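The values are calculated or read from the model by the stated rules, or taken from the named source; none is laboratory data. What you see is a predicted model; the values in this text were computed from it and never measured. Note that each Cβ is placed from the backbone with ideal geometry, even for glycine, and that neighbours are counted across all protein chains shown. Keep in mind that these areas ignore ligands, DNA and RNA; they rest on the heavy atoms of the full protein, side chains included. Shrake-Rupley method; radii C 1.70, N 1.55, O 1.52, S 1.80 Å.
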Amino acid sequence: MEVTINQEANKTLVVLNGRIDTTNADKFQQDIAPLLQGEKPDIEIDCSGMEYTSSQGLRIFLMLQKSVMARQGQLVLMHIKPQVKEVFDITGFSNIIKII
Amino acid sequence: MRKLFNPIKDKSGEIIEFLMSSPDMPADEGLQFKIRLSIEETVENVVRYAYEDSVGWMEVGTELDVSGLLLTITLKDAGKPFNPLDSPDPDITLSAEERPIGGLGLFLCKQLMDEVVYRYEDGCNILTMTKNISQAQ
């Protein structure tokens, strides 16, 4: 799992590559820690390279969503693969995290 | 295909890869995705919680029925009795603020597999998960 974070003006662009599973979820949580700071964050995450997520990854996405909302910001997941999207659909996460 | 892992502390990855490398696994990537996720959630649950200090064993196996269409994955451990099917399903209609963090793993497994059955027998937890692998997904 690789996380790349780029700050462009007021927008934070994130690119995820690889798999989020039980072996690397802790590292993923550390990697996205910078996204948990700052007022009114505007975060776009390119998920086109995310091949898999387990519930360990989902809990981190939910934590991020809660953090972003508490700071009156917004979070968007883009280009999510159909199989991963299904995991978000089954768990109701598609309704609480914006996916385009 | 069957294998005993002892001890299981920090062995989740190895146990998952053993099951996924079974010749019983379907070639279809969509099916593999769902099966892997179900295996990961249930194996991880045993490795983390079955034994208080994580020192204990786990036997895992895969099996195809005579038709070759029904894949069954079995997980067995001698940890504390725990029926994962007793856990309440998460309320997926709640808002992000209301949703508790966690509690999704076993729910995903139940949704992704066709049948999940638990029994406690001779001091062991035995979980069997079945998936019809005849259709690409």
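Of all the numbered requirements in (1) more than 10 Å from every other protein chain (Cβ to nearest Cβ); (2) of a type outside the set (A, V, I, L, M); (3) within 26 Å of B:ILE35 (Cα to Cα); (4) open to solvent by 20 Å² or more (accessible area, probe 1.4 Å), A:ASP89 misses one, and that requirement is (1).
The set of residues from the stretch B:72-99 being touching an Asp or Glu at 6+ places or on another chain (Cβ under 9 Å) and farther than 20 Å from B:ASN125 by Cα comprises B:ASP91, B:GLU98, B:ARG99.
Summed over the stretch B:13-46, residues that are open to solvent by less than 40 Å² (accessible area, probe 1.4 Å), aliphatic (A, V, I, L, M) and either away from chain A (no Cβ under 11 Å) or touching a Phe, Trp or Tyr at 6+ places or on another chain (Cβ under 9 Å) (or both) total 7. Checking each residue in the stretch A:67-86 for being at the interface with chain B (Cβ under 9 Å from one of its Cβ atoms), surrounded by fewer than 15 Cβ atoms within 10 Å (Cβ to Cβ) and within 17 Å of A:ALA33 (Cα to Cα) picks out only A:ALA70. Here the condition is being within 23 Å of B:GLN137 (Cβ to Cβ) and among the acidic types (Asp, Glu); of A:GLU51, A:GLU39, A:GLU44, A:GLU2, it holds for A:GLU51 alone. Quick check on the stretch B:71-124: of everything there that is surrounded by 11 or more Cβ atoms within 10 Å (Cβ to Cβ) and among the β-branched types (Val, Ile, Thr), which residue is modelled with the lowest pLDDT? Applying the filter and picking the extreme gives B:ILE101. Which of the residues that make up the stretch A:63-82 are in contact with a Leu (Cβ under 9 Å, 6 or more places away or on another chain) and part of a helix (DSSP H, G or I)? Matches in the stretch A:63-82: A:MET63, A:LEU64, A:GLN65, A:SER67, A:VAL68, A:MET69.
Within 11 Å of the chain's Cα centre (by Cα) and buried (at least 21 other Cβ atoms within 10 Å of the Cβ), is that true of A:LEU35? Taking the combined requirement at face value, the residue does not satisfy it. For the stretch B:2-12, the criterion of being within 30 Å of A:ASP89 (Cβ to Cβ), within 14 Å of chain A (Cβ to nearest Cβ) and out of contact with any Phe, Trp or Tyr (no Cβ under 9 Å at 6 or more places or on another chain) is met by at least one residue.
Which of the residues that make up the stretch A:2-26 are of a type in the set (Ser, Thr, Tyr) and buried (at least 16 other Cβ atoms within 10 Å of the Cβ)? Once the filter is applied, which keeps residues that are of a type in the set (Ser, Thr, Tyr) and buried (at least 16 other Cβ atoms within 10 Å of the Cβ), the stretch A:2-26 yields A:THR12, A:THR22, A:THR23.
Select from the stretch A:41-54 the residues that are open to solvent by 10 Å² or more (accessible area, probe 1.4 Å) and out of contact with any Ser or Thr (no Cβ under 8 Å at 6 or more places or on another chain) and list them in ascending order.
Step one: filter the stretch A:41-54 for residues open to solvent by 10 Å² or more (accessible area, probe 1.4 Å), giving A:41-42, A:44, A:46, A:48-49, A:51.
Selection gives A:ASP46, A:SER48, A:GLY49, A:GLU51.
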